[in-house]
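Notes follow once the structure below has been shown.
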Amino acid sequence: MGFLGLRHGSKVAILIGDNGAIVVHTVDGEVRSKLFVESVGSKEWSDAKLCIVSNKKSQIYFVLDHSSQTYTRHPIPATNAFVARSIARKKSSNMVSQDGFSAAFLNSQSPNEDGSWEYVFAESTIQNELFSGLLELSSEHAPGSLRGIMLLSTELVNIAKEAVAKGGLPQKKWIVFLVYTKAGDLRQVVLRNGELFSSIAVEVSKDERELPDVLSGKVHQEVQNALQSITAAGETYDSSDVGVCLVVSGGVKSSLLALDFKGIDVSILTPYELGKLLDIKNCVSVGSIYCDTILLYFTIHNPAGCKPRLHTKETIACNRARLLQKIGIIPACAAILVVTTLNVLWSAEVVSYAKREPELRATVESLTGELLKLRGDREFIKVNEMYEAVDLYRALSSASPCPISKAIVPISKLGERNFDITSFSWSVMEDFKVVVKLGVAIKSGKSEEVERQLSNALSDCKVRMVQVPNSGQDFTVYLERA
């Protein structure tokens, strides 16, 4: 895998039908190998496995052409393209399993004249060991290489449009396009104004394959049946509005040229002539009977834009991982850009500060010198001393001349006392609180009464009495301003 998940130009395309599978390997637009696998037990099965395993980095495409496929058209009322696509997506998840598939898709990229839309619902039940084996083989060995599973009917619509654009088919309202493949016999699609109208598969027996005249009669009858199906669906047509394109072998073409198509414009091509019309060279030989290789080559190089590309659960998981790998580079690059930008800005800021450093250093030295000059100035010293004297005066003026008196005076004013003060001392604590300690000898009464008297007299002080050890009525009273 290259940068951003890009791969080289190698592609493997597989057309699977009721008869078997055609495997085509191309490199840079050139067909390198092709083989037909009839069943899992055939000897070609080993070659098919080797082709997928050895080219697991190639882009792998499946194209389904089983006869069990059914296509039905359904209308969508007038709305915008987004709503129309949402309605179609809700009808089916476009998932493929080993048992079959169901798909829903818009029949055109633009609405009808009245703004309405039409979607096609396709489904198929597949009980085919070869299909299961190929699907399992690609999911096991190359899950990230499976680019999609397409339907031959919708791809034939795309090929018919290309043939009209290149002048190989006339521009008609109704186009019947029939091809002969080895994987699924005859596949016929009917287009109305360039959109899929119907699709059927026609089985060809072994005897019919060996008899070109009989096969040409069968092809002619299928064209008539297609025209009848238009009428049966309630539509009308005129011979001038119908164009028919038949891609068959040279022998069948010779027989068809002798048949009458009742005035309808008919183009009969061999696989080689179809390749020349689609500008596909060196893909099939002049005598090729089947057009499987041409159809596969055109499909993988010109996929239908508006038609469904089905997936398995494994391929969806791988596609999500691949998408995450691709878009993960974007935020990583953004993060690198942001970090680089911040680093550049930070470096520029550092350089700016480095350039300003001498200027800032000179400013600091100048201011320091001015400050030293101020400190040495006599007038500055006198003013500073004056402010210090004023601050000291204010502090002394606010101080009480005798803070201890606030505690002693109320005690002296007590009337009759049942205790005597035996000692007095005071001290200053670490938090600058003054604590007065009194020695008290109780003459009568209890210590609780003395403590209550002191608390009443000294309401702004906290009173605490402690009995002196080995003394009955002697206490130490601590007075502390609350």
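Taken together, the values in this text are just the output of simple stated rules run on the coordinates, not laboratory data. Every value quoted in this text rests on a predicted model; they were computed, and no experiment measured them. Glycine also receives a Cβ, built like all others from the backbone with ideal geometry; neighbour counts cover every protein chain displayed.
Of note:
- Inter-label distance for SER97 and LEU367, nm, one decimal - labels placed 7 Å from Cα along Cα-to-Cβ: 8.0
- Ranking of LYS276, LYS307, LYS90 by neighbouring Cβ atoms within 10 Å, starting from the fewest: LYS90, LYS276, LYS307.
- Legend: distances between Cα atoms for LYS34/LYS173; LYS90/LYS172; LYS182/LYS253; LYS57/LYS307; pairs beyond 28 Å are LYS34/LYS173; LYS90/LYS172.
- Exposed GluC sites (Glu not before Pro) absent: longest stretch of the chain, with sites in DSSP loops and at most 13 other Cβ within 10 Å deemed exposed: 236-415
- Only Lys, Arg, Asp and Glu carry charge here, each on its Cβ (+1 for the first two, -1 for the last two); on that basis the chain has a dipole of about 1180 debye about its Cα centre.
- Using a Förster distance of 56 Å, the FRET efficiency for GLU388-VAL338 (Cβ separation, nearest 0.05): 0.45
- Full extension of the segment from ALA441 to LYS173, taken as 0.36 nm per residue of separation minus the current Cα-Cα distance, would add 83.2 nm.
- Model label sites at ALA232 and ILE381, defined 7 Å from Cα along the beta-carbon direction, differ in position by 12.7 nm.
- Annotation: the residues TYR272, TYR353, sorted from fewest to most other C-beta atoms within 10 Å of their own C-beta, follow the order TYR353, TYR272.
- Pairwise label distance in nanometres, SER425 with GLU357, each label 7 Å out on the Cα-Cβ vector: 6.4
- Nearest-0.05 FRET efficiency for ILE330 and ASP260, computed from C-beta distance (R0 51 Å): 0.20
- FRET efficiency for the pair VAL214 and GLU38, taken as 1/(1 + (r/R0)^6) with r the Cβ-Cβ distance and R0 = 25 Å, rounds to 0.65.
- Span-like helix ranges in the chain, DSSP H, alpha carbon extent 24 angstrom or more, Kyte mean at least -0.5: 212-232, 313-376, 378-398
- Antiparallel DSSP beta bridges within the range 3-311, as percent of all bridges there, nearest 5: 65
- The candidate values are (i) 23.4, 82; (ii) 52.0, 155; (iii) 26.6, 82; the one derived from this structure for Rg and Dmax of the Cα atoms in Å carries the label (ii).
- Available extension along the chain between LEU374 and SER205 is 48.8 nm, counting 0.36 nm per residue and deducting the alpha carbon span.
- Sorted ascending by nearby beta carbons within 10 Å, beginning with the fewest, ILE336, ILE22, ILE300 become ILE336, ILE300, ILE22.
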